[in-house]
Structure formats: structure tokens, C-alpha cells
Ligand code: EPZ
């Protein structure tokens, strides 16, 4: 088990290249099995979640290699259709493989994905979408046994704009005969990126990134190449770091369009964000103000994944910040850990009231989940003394080279093997 030590009190100064988007790479890796050919996926972040996805591809019989930010998948020799419990447990979002395996093989056996740190993670919308396309799904002994000898295009009305259910629907529809209409689709940039990848595979996709997506299944090209979009949540996390610690950083390879709600929130705090092409200069002075109420919403609203790091940055802003978490029911697990550092935060259900401006002190804290761990790093930047963050395996799921990036930004940060 490794931990991360961070010494607070330094202003940030430096430049880093932003990683490719984890939440775009994962569905694209799943979709790579649709064609029985080769796909090359560039700008893929080196993360444990990506490694878990490659393990699943190899388990299915594909060749999957990661080299210097590029993944090479050859699914011509794919024979499998099951994802065993051990692999399902390594990555909660493994359910994203369901549509692709069904479309490629006509069957799929997955162990029921458990909940995760954020609370129960239902997949009812995923399963309902697969059934709309003609799949028969049984639950036996904790496994999902799915059969779909031939998926047929259909209308899929999503009850909530679920990111994963939208992605599974698009991927399965790509392998279905005929046209599929998906309504109330999620509009996240990662959906748009999946649509671009499917198009590169030869699929006709319209409206990816809007509430209504049309997919025309059919033949696939034997080869496709794609470059993953920048990770907007990693960008939000590094902006939160400079908001908390002060100083000036430059992020290379950002996409301003994907960060509108995030930029608005940090600008309300007095953080200066200057975008020039795909480069962002972010700076903050001695004093920042609390943002107005922050309510998480599906895209284009404020992203739930950026709520924990933003909350940590608010601890330096004298005054009261109010957070309303509307997406996940258990997304304040970082609060008890922040409290150990001296934070004054009151949680009541989905609402968190942050009283910023109190000095924080270093402590030993445990990363409760991926973005909660990021919040602890942000808080440690302003804490007096050293903070030791344990359970960093959660952080490694989503932040490439986090220790080296913090060092490049002038922070005394070290990963230590416990
Ligand atoms: C994706 O998760 C992201 N993960 C999450 O990022 C992100 O927080 C989330 O979208 C929201 O933006 C990946 O892309 C790998 P949802 P996903 O389906 O698809 C409910 C991170 O930190 N729901 O949009 O699982 C669900 O309970 C991770 O990088 C159903 O009720 O999210 C939640 O309340 C954390 N039934 C809401 O919808 C379903 O079948 C949104 O979930 C599916 C979802």
C-alpha cells in the first residue's frame, strides 16, 4: 500500500501537460471490441482503471498493449464473453463493456457490479436499454446472464441522463441492425468523444453530446485511430490546487469548452483563468472568496466529480460556501477526513455547508474514493506542516503521475511505499 505525503504552505508555480480523459478512454476501450480489427487510441492516461480495462480486453481474448500514452487493441482473436467477478471488482465501471460484448458475441456474462464508495451504483437503465435492443437478461447467483442473438435498433428513452447508460446504449446500438434513437441522453463531453470514436469505426452517429442521439448500426472498418479528449476533471482538480495554494500554473492540452461551469465557479472565487488555445494559465492571489452555492448537475452543469476538490479549495476562502450534491447520494466521504485537518464543514443529506478561512493543519488522512482523495491533496496544500494521505490506490485510479505533477508545480509531494 502506498501513501502520499504533501507539505503545505507553498504557492504553486510551474507547467504540466494535462492527461487524457479517464471517463472517455474507458468506454472507448470497451467499444474497441466492436470491430474484429485493430484500434489505436492515443492520449490514453496511464491509470489503474485503464490497466483494469486492458485486463478485461485480454481476458476476452484481445491483444491490448499500452505504450507511451497510446493503447493498441487487436480484437480479431476475441473469443470470450464473460467478465469474472475479480475483474468486475477491480473497476466499478466495467459494466461499460456490456453493450460491446453483447454486440460482438451475442451474449455476455458479468458479475453484478457492486456499489462503490459513492453509494449504490444501480445499472437498471443499462439493462433496460439492452432489453430494448432485444437482449434477454437473467440474474443468477450474482451474475448477469445476457443473450442477444441479434440486436435490433430501437427507441431508448433514458429515465435519467446516465453517462454510462448512454454510452452502453450507443455502443450496443452500433452493433444492432437498423437505427437506434436514444432520448434524454447524457451530454457530457465524453459522450461526444465516444461518438467520434464510433464514427472512426465506420458507425453513423448523430447528436452525440446532445440529449438525442441517433445510431445506425452496420459494418465496421477493420482499423480505427482516435485521440482521447483532455480530462476536464483533472483540469478542475489542478485549478482547485492553485485556488487553494495561490500562485500561477500553466496546464497544456486543456479544452476550454468542456470547462465552462468549472471556470465560472473558480472565477467567482477570484481565480484568474486565461485560456489561449488549448493552454490555460490559472493564478490566485493571497485572498479568494467563497463561490456562490454550488449545485452539481449533469453536463453542462457543474460536474459532481469536481465537487470534492472545489470544496477543499473553499476551505481557504473566508466565508460560507454551500454545496448541493444532486448526482450521488454519498459523495461527501471526504468531509470527515477534511475535518481531521481542521475544516469546519456541516453535512445534512445532500447539502454541505463549508465555513472557510480557518487554518488547516497537516494530519494522517485516508482517501475515501477517487475525487475525495483529490480533495485531500488540495487541502494539504494549504495545511500547516505535512499531510500523509493513505489509501492512495483510489487516487491512482484517476490521476496520472500525480506526485510528479505536484512536484513540477513546486509542491513538496512524495509517494512512499508503506
Ligand atoms: C460516470 O459514472 C463517471 N464514470 C463518474 O465519474 C461520474 O461521476 C458520473 O458519470 C456522473 O457524471 C465514468 O464515466 C467511468 P451515471 P456513471 O450513470 O456512468 C443513477 C469519477 O470520479 N443511475 O451518470 O456511473 C446513478 O445512481 C467517476 O471519475 C441509475 O439510477 O454515472 C447516479 O445517481 C465517479 N441507474 C446517476 O444516475 C443506472 O442504470 C448518474 O449516474 C445508472 C445510473
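Nothing in this text is a laboratory measurement; each read-out follows from the coordinates by a stated rule. The structure displayed is predicted, hence computed values, not measured ones. Here Cβ is always computed from backbone atoms with ideal geometry, including for glycine, and neighbour counts include all displayed protein chains.
Values as computed for the structure displayed
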| read-out | value |
| --- | --- |
| The chain: angle of helix 22-31 to the longest principal axis, Cα-based, in degrees nearest 10 | 10 |
| Stretchable slack from residue 36 to residue 138, in nm (0.36 nm times residue separation minus alpha-carbon distance) | 34.0 nm |
| Angle between the chain longest axis and helix 370-382 axis [Cα atoms, degrees, rounded to 10] | 20 |
| Mean ellipticity per residue at 222 nm, deg cm²/dmol - from DSSP H runs of n ≥ 4 across the chain, formula -39500 (n - 2.57) | -9000 deg cm²/dmol |
| Mean projected area in nm² (Cα convex hull; one quarter of hull surface) for segment 22-227 | 9.6 |
| Linear extension gain, residue 131 paired with residue 2, 0.36 nm per residue minus alpha-carbon span | 42.2 nm |
| Percent of Cα pairs exceeding the 32 Å cut-off, where the set is the chain | 35 |
| Neighbour-count ranking [beta-carbon atoms within 10 angstrom, fewest first] of 66, 323 | 66, 323 |
| FRET efficiency for residue 204 and residue 225, using Cβ-Cβ distance with R0 set to 25 Å, rounded to 0.05 | 0.85 |
| Angle between the chain longest axis and helix 189-200 axis [Cα atoms, degrees, rounded to 10] | 30 |
| Shape of segment 265-399, Cα gyration tensor, a/c cut at 1.5 | rounded |
| Calculated FRET value between residue 295 and residue 212, using beta carbons and R₀ = 30 Å, to 0.05 | 0.75 |
| Stretchable slack from residue 326 to residue 417, in nm (0.36 nm times residue separation minus alpha-carbon distance) | 29.1 nm |
